[in-house]
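First comes the structure, then the notes that go with it.
We did not get these values from a lab; they are worked out from the coordinates using the rules stated. This structure is a prediction, so every number in the text was calculated from the model and none was measured. With ideal geometry, Cβ positions are generated from the backbone for all residues, glycine too; neighbour counts draw on all protein chains shown.
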Amino acid sequence: MKCLHTLVLMMALVASSPVWAVHPDEVLKDPTLEARARALSKELRCMVCQNESIDDSEAPLAHDLRVLVRERLEAGDSNTQVIDFLVARYGEFVLLKPRLSWHTAALWGLPSAVLLIGIVTIIVVVRRRGTAPTSLEAGNLTAAEESRLAELLRGGTAP
């Protein structure tokens, strides 16, 4: 029975441990290049998973991109050259954080613009509510309106 508990505990620990997407056969022998490859892999989007970096993804395409990044680094490319190569091949979508340019300006500016419009709208609505007179404030009703209101409140009928 104790052996069964130990087995269940071991299975639970293994199941709860993180899955590492980078396979041992992908790892470069040069630790400096490997560190650069891992840093670049964290900036690149998996085209299959779409909200995961290729460093975290188990998809075959992510594996191919990780290998491609490492091959480019071994060939002597700088980090910028590797990124430029992948953007030229797959488009801006491959970047988890797209570059600021004219065709991505809406992507970067729209959230701030919507927030600003929302804040201005709230301020305008609050100010209008604070200054808008209500028709039931004292002194705003004529004598005829006050008598009609009193009659209605007593249960009188409408004319």
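Below, the figures for the structure above:
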quantity	calculated
Extension gain, Ser78 back to His103 (0.36 nm per residue minus Cα-Cα distance, nm)	6.5 nm
Förster radius 41 Å - calculated FRET efficiency between Thr32 and Thr6, Cβ distance, rounded to 0.05	0.50
Mean separation of Cα contacts under 8 Å, 6 or more apart, over the residue count of the stretch 19-99: relative contact order %	29
Exposure proxy ranking, count of Cβ atoms within 10 Å, fewest first, for Leu44, Leu68	Leu68, Leu44
Additional length obtainable on full extension of the chain from Glu151 to Val126, 0.36 nm per residue less Cα span	5.6 nm
In nm, spacing of pseudo-spin labels at Thr142 and Arg89 (7 Å Cα→C-beta vector)	8.2
